[in-house]
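No value in this document is a laboratory result; all are computed from the given coordinates. Quantities reported herein were computed from a predicted structural model and do not represent experimental measurements. Every residue, glycine as well, gets a Cβ built from its backbone with ideal geometry; the counts of neighbours run over all protein chains shown.
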Amino acid sequence: MGTNPATPPAAFIPATNKLAIRPGRAIIFRDFLGVGTMRMKRNLALGLAMVAVALTSCLWSGCAHTSEIEHLREVAERGDADAQFAVGLHYYTGEGVTRDYAEAIKYLRKSAEQGNAKGEWALGKAYDDGYGVPQDSDEAVKWFRQSAEQGNAQGQFMLGRAYHNALGVPHDYAEAVKWFRKSAEQGDVLGQFMLGYVYYYGFGESINYTEAVKWLRKSAEQGDKDGQYMLGAAAVAGKGCSQDFIEAYKWLNLSSASGVGASAELRDLIASKMTLAQIAEGKKRAAAFVPKKSSTGSQ
């Protein structure tokens with residue numbers, strides 16, 4: 001760990017699922033339609049819940065049964081784009097059915113080709129990841145753009161990510177910030193995190209720590225572990241907010257509990273400068289934390 005805790009080190013990013021942004025800086029982009037992790041399943045279950053509100057209350061709690069999925073399939077076969085999206089996600093995640101990428105893509109494509117913004121985002125993410133279809137950044141961006149232009153926050157985030165990392169489009173930080181902002185303003189936790197991130201480091205915008213903390217706080221309050229880490233680091237340094245070791249300890253403790261190793265490292269560093277009463281207060285605040293619900297399902 002470096003001696004200056006003001007700037008979040010690259011080490012805070014988990015070793016997997018990260019994309020380089022600039023030498024020495026990296027950021028994780030969580031899969032929405034990836035496979036192999038419990039986090040992926042949770043994200044997709046939340047995305048599915050958005051459709052479930054309109055189709056069946058059971059899907060909200062992740063308790064979809066075969067009969068309900070069969071009903072969704074029947075609705076999907078009658079051409080309902082939301083049902084096609086929902087069935088596609090079931091096959092992609094294996095929730096309630098045997099995972100089948102070919103069937104997933106079939107239904108997601110039907111949904112997307114009807115202009116369903118969620119279906120467009122999901123099909124784009126499949127092309128981005130290369131599951132069920134050959135990996136194709138150009139095709140991914142095509143679908144992300146269609147979704148984003150309809151106002152889908154997750155599509156907007158993914159389009160911003162594409163511009164930020166030159167995936168299927170030329171590298172363009174200003175365009176990336178434009179789409180991150182649209183996503184963030186709709187309450188999307190990843191859009192909020194990335195908008196805070198670009199303000200903190202000056203990607204496509206002048207460095208503005210106050211604005212960075214504003215968006216990182218929104219992300220952190222929804223339970224985003226990376227947002228919590230960066231907000232904690234900002235509180236340690238007094239960048240964009242008052243220096244506050246107790247509040248920093250709270251956020252770093254929460255992030256550490258979610259698996260961000262460098263959060264524990266920085267938390268323990270500042271603990272050496274805190275009284276026992278201050279540490280106890282930081283722990284108390286962390287224990288009392290209840291994440292706000294994401295309005296877009298992307299946590």
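Laid out as a table, the results:
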| quantity | calculated |
| --- | --- |
| Backbone HN-Hα couplings from phi across the stretch 175-180 [Karplus 6.51/-1.76/1.60, Hz, Gly and Pro as x] | 5, 4, 4, 4, 7, 4 |
| Highest average packing first - 179-185, 205-211, Cβ atoms within 10 Å | 179-185, 205-211 |
| Cα point-scatterer Debye curve for the stretch 218-299, base-10 log of I(q)/I(0) at q = 0.15, 0.18, 0.25 Å⁻¹ | -0.47, -0.66, -1.20 |
| Largest-first principal axis extents of the Cα set of the stretch 163-299 (Å) | 51, 29, 23 |
